[in-house]
Amino acid sequence: MSGAEAAIARASELVGPALRDAVGRLAPELRGPVEHHLAGGGKGLRGALAVIGAAAAGGTETDGVPGAVAVELVHNYSLVHDDVIDGDEERRHRPSVWAVFGVPWAIVAGDALANLALSVLLEADSPTKLHAAQVLTEATGLMIGGQAQDMAFEGRRQVGVEECLRMAEGKTGALLGCAGAIGAVLAGAADDVVKALEHFGQRLGLAFQAVDDVLGIWGETARTGKPVGSDLLAHKKSLPVAIALARGGPELEALLADPIAPEDLGAATARIEATGAREEAMAIADRAYEEAMAALGSVPLQAGPREELAAIARFVTERDR
């Protein structure tokens, strides 16, 4: 187990019981869908950033637990709803909530998780809990806006690379930025420290999404839990597709104008790769990672937790290397 994996596992042991306690407060009718979803596991990345961020800012990991739980609840609510939006019948190698319980139950279960996140924060034993709640709600709004942009892209023939990056900054970067900052907020850290950790998470989120977009086309099912080329089959205008469209001319635009049939997936993937889109998407991920590292070095942080945050950033941006 790498240092990053050990840090995430340690954080999960701290956050997990509090997360289960929070879910146990839901109406009995909702626990089945929610517990089914959570039983699939997950990276625990956002919760880890919150508790380790609290320690890096001079507090304790325990200070960050309410923020970690809240961010994980929001993240999981978004996954439950994303599966409905995308029609994905699997999540983490298991049937998705809507595939088992139906769309109405998935919608209500996601709503319940989002509401529970705010309740957890507002009940936190911290004088800065209102600030933490504000950070969470702002990030959630940006995440929802990014999701809306992503959906709108699917109906367009052409999407610019800068548009795609702004969408990723909202859809993924905003909540990871919140995860980086919220523990520090609850620990009472200075504004410059909070802002630096937020920027760290935001840039890490962009790097994470760029890598995820590469895996959405070229990733193996055993690693991603989704079919090979799932983003192309779903007609997503992900970052590599946006880059390829900018470079590939009218012929490639016409090829990608409609959803790709499974039998044409291999040829379409090869055409996209021939534009250099895969390499450019990873170069964007690398630049965002370097910006995240610069943010960690821009303010005084506790050495041990800072190194763990850096290790986690390396770990999650090297998933396809």
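Of the residues that make up the range 299-310, is at least one among the β-branched types (Val, Ile, Thr) and part of a helix (DSSP H, G or I)?
no
Return yes or no: is Ala310 free of Cβ contacts under 8 Å to residues at least 60 places away in the same chain and at negative phi?
yes
Being exposed (fewer than 14 other Cβ atoms within 10 Å of the Cβ), farther than 30 Å from Ala303 by Cβ and either at pLDDT below 95 or among the basic types (Lys, Arg) (or both) is the filter here, so list the residues in the range 1-32 that pass it.
If the condition is that a residue be exposed (fewer than 14 other Cβ atoms within 10 Å of the Cβ), farther than 30 Å from Ala303 by Cβ and either at pLDDT below 95 or among the basic types (Lys, Arg) (or both), then Arg20, Arg25 are the ones that fit.
Mind checking which residues of the range 248-283 are loosely packed, with under 15 Cβ neighbours inside 10 Å, modelled with pLDDT of 90 or more and within 20 Å of Glu154 (Cα to Cα)?
Residues satisfying the conditions do not exist here.
Determine the pairs where a residue that is farther than 23 Å from Gly16 by Cα and in contact (Cβ under 8 Å) with a residue 40 or more places away in the chain, located within the range 71-94, has a partner that is among the aliphatic types (A, V, I, L, M) and surrounded by fewer than 16 Cβ atoms within 10 Å (Cβ to Cβ) with Cβ atoms under 7 Å apart, the partner being 6 or more residues away or on another chain.
Ile85/Met151
Test each condition in (1) modelled with pLDDT of 95 or more; (2) of a type outside the set (A, V, I, L, M, F, W, C); (3) under 22 Å from Asp231 (Cα atoms); (4) crowded, with 19+ Cβ neighbours inside 10 Å for His199 and report the one that comes out false.
Evaluating His199 over (1) modelled with pLDDT of 95 or more; (2) of a type outside the set (A, V, I, L, M, F, W, C); (3) under 22 Å from Asp231 (Cα atoms); (4) crowded, with 19+ Cβ neighbours inside 10 Å leaves (3) as the failure.
Sort through Val84, Val69, Val120 and tell me the only one that's β-branched (Val, Ile, Thr), within 16 Å of the chain's Cα centre (by Cα) and either at positive phi or outside any strand (DSSP E or B) (or both).
The conditions single out Val69.
What number goes with the only condition from (1) at pLDDT 95 or above; (2) over 21 Å from Ala22 (Cβ atoms); (3) touching a helix residue (DSSP H, G or I) at 6+ places or on another chain (Cβ under 6 Å); (4) of a type outside the set (A, V, I, L, M, F, W, C) that Gly183 does not pass?
(2)
Which of the residues belonging to the range 87-104 are within 17 Å of the chain's Cα centre (by Cα) and not charged (D, E, K, R)?
Residues satisfying the conditions do not exist here.
Name the residue, out of Gly249, Gly276, Gly266, that is under 14 Å from Ile217 (Cα atoms), of a type outside the set (D, E, K, R) and over 27 Å from the mean Cα position of the chain (by Cα).
Gly266
May I ask you to list the residues in the range 33-44 that are modelled with pLDDT of 95 or more and more than 16 Å from Ala18 (Cα to Cα)?
Answer for the range 33-44, where residues must be modelled with pLDDT of 95 or more and more than 16 Å from Ala18 (Cα to Cα): Pro33, His36, His37.
May I ask you to say which residue of Met143, Met167 is in contact with a Ser or Thr (Cβ under 8 Å, 6 or more places away or on another chain) and either touching a residue at least 60 places away in the same chain (Cβ under 8 Å) or assigned to a helix (DSSP H, G or I) (or both)? Talk me through it step by step, then tell me what you get.
On the way: Met167 fails: in contact with a Ser or Thr (Cβ under 8 Å, 6 or more places away or on another chain).
Selected residue: Met143, the only one of Met143, Met167 that is in contact with a Ser or Thr (Cβ under 8 Å, 6 or more places away or on another chain) and either touching a residue at least 60 places away in the same chain (Cβ under 8 Å) or assigned to a helix (DSSP H, G or I) (or both).
Without any contact (Cβ under 8 Å) to a residue 40 or more places away in the chain and outside any loop (DSSP other than H, G, I, E, B), is that true of Gly16?
It is true that Gly16 is without any contact (Cβ under 8 Å) to a residue 40 or more places away in the chain and outside any loop (DSSP other than H, G, I, E, B).
Does Pro104 fit the bill of being surrounded by fewer than 22 Cβ atoms within 10 Å (Cβ to Cβ) and part of a helix (DSSP H, G or I)?
Spelling it out, Pro104 is indeed surrounded by fewer than 22 Cβ atoms within 10 Å (Cβ to Cβ) and part of a helix (DSSP H, G or I).
Please determine, by comparing only the residues of the range 260-287 that are of a type outside the set (D, E, K, R) and in contact (Cβ under 8 Å) with a residue 40 or more places away in the chain, which one is nearest to Arg314 (Cα to Cα).
So the residue we want is Ala285.
Filter the range 293-317 down to the residues that are modelled with pLDDT under 95 and farther than 20 Å from Arg10 by Cβ and list them by number.
Thr317
The values are calculated or read from the model by the stated rules, or taken from the named source; none is laboratory data. Note that the structure is predicted; figures quoted are calculated from it, not measured. Note that each Cβ is placed from the backbone with ideal geometry, even for glycine, and that neighbours are counted across all protein chains shown.
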